[in-house]
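Please read the structure below before turning to the comments.
The values are calculated or read from the model by the stated rules, or taken from the named source; none is laboratory data. Everything numeric in this text was worked out from a predicted model, so none of it was measured. Every residue, glycine among them, receives a Cβ derived from its backbone with ideal geometry; neighbour counts consider all protein chains shown.
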Amino acid sequence: MIFTDRERDYLAGQGLGRLATIGPDGTPHVRPVGFRLNEDDTIDIGGPNLRSSQKYRNVRTDPKVSFIADDLTPDEPGAIRPGWGRGVEIRGLAELLETDRPLAPGFSDEVIRVHARRVLSLNLDAPGSQARDIERGADS
């Protein structure tokens with residue numbers, strides 16, 4: 001598995017993330033997106049008319065992406081850094097697929113599937129950030 005249990009639980013509990021793609025002129029393009037964590041630890045991103053979106057066209061040209069799901073840590077006893085940001089960032093490669101399981105009603109059959117190459121978690125298991133390169137299996 002790619003994600004820790006804590007990262008997996010966190011991602012499964014989030015409904016909104018942000019996907020960054022690379023535009024035709026090399027500039028970043030970031031959009032809020034609905035997503036689903038799959039059993040194989042890939043992330044599926046969807047939306048209505050996904051095929052006609054800029055993010056879909058960007059991935060077709062350059063599959064390098066970054067995806068983040070984040071929020072604020074709860075302001076409660078035992079929370080890691082109450083009121084600070086926390087989340088999981090996934091840097092990797094995306095592929096364009098058609099699926100028979102749209103992410104939500106009204107979403108198209110296409111998905112952008114993200115395969116992690118680097119995972120960064122922030123204030124989930126401990127204060128600060130932890131990063132792992134998936135291909136090499138190295139922590140940094």
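From (1) in contact with a Phe, Trp or Tyr (Cβ under 8 Å, 6 or more places away or on another chain); (2) among the small types (Gly, Ala, Ser); (3) at pLDDT 95 or above, pick out the condition that doesn't hold for residue 46.
With (1) in contact with a Phe, Trp or Tyr (Cβ under 8 Å, 6 or more places away or on another chain); (2) among the small types (Gly, Ala, Ser); (3) at pLDDT 95 or above applied to residue 46, the lone miss is (3).
Would you please list the contacts, defined by Cβ atoms under 6 Å and residues six or more apart or on different chains, that run from a residue in the range 104-131 that is under 13 Å from residue 88 (Cα atoms) to a residue that is β-branched (Val, Ile, Thr) and crowded, with 18+ Cβ neighbours inside 10 Å?
From residues that are under 13 Å from residue 88 (Cα atoms), the pairs are 116/90; 119/90; 121/88; 123/73.
Is one or more of the residues making up the range 63-79 in a loop (DSSP other than H, G, I, E, B) and touching a residue at least 40 places away in the same chain (Cβ under 8 Å)?
Yes, the range 63-79 contains a residue that is in a loop (DSSP other than H, G, I, E, B) and touching a residue at least 40 places away in the same chain (Cβ under 8 Å).
For the range 58-73, how many residues are of a type in the set (S, T, N, Q), at pLDDT 95 or above and either over 11 Å from residue 28 (Cβ atoms) or touching a His at 6+ places or on another chain (Cβ under 7 Å) (or both)?
Here the count works out to 2.
Confirm whether residue 86 is closer than 28 Å to residue 1 by Cα, out of contact with any Gly (no Cβ under 8 Å at 6 or more places or on another chain) and at pLDDT 95 or above.
When the stated conditions are applied, residue 86 does not pass them.
Considering only residues that are without any contact (Cβ under 8 Å) to a residue 40 or more places away in the chain and either assigned to a loop (DSSP other than H, G, I, E, B) or of a type in the set (Val, Ile, Thr) (or both), look in the range 39-57 and name the one that is farthest from residue 8 (Cα to Cα).
Looking at residues that are without any contact (Cβ under 8 Å) to a residue 40 or more places away in the chain and either assigned to a loop (DSSP other than H, G, I, E, B) or of a type in the set (Val, Ile, Thr) (or both), I get 53.
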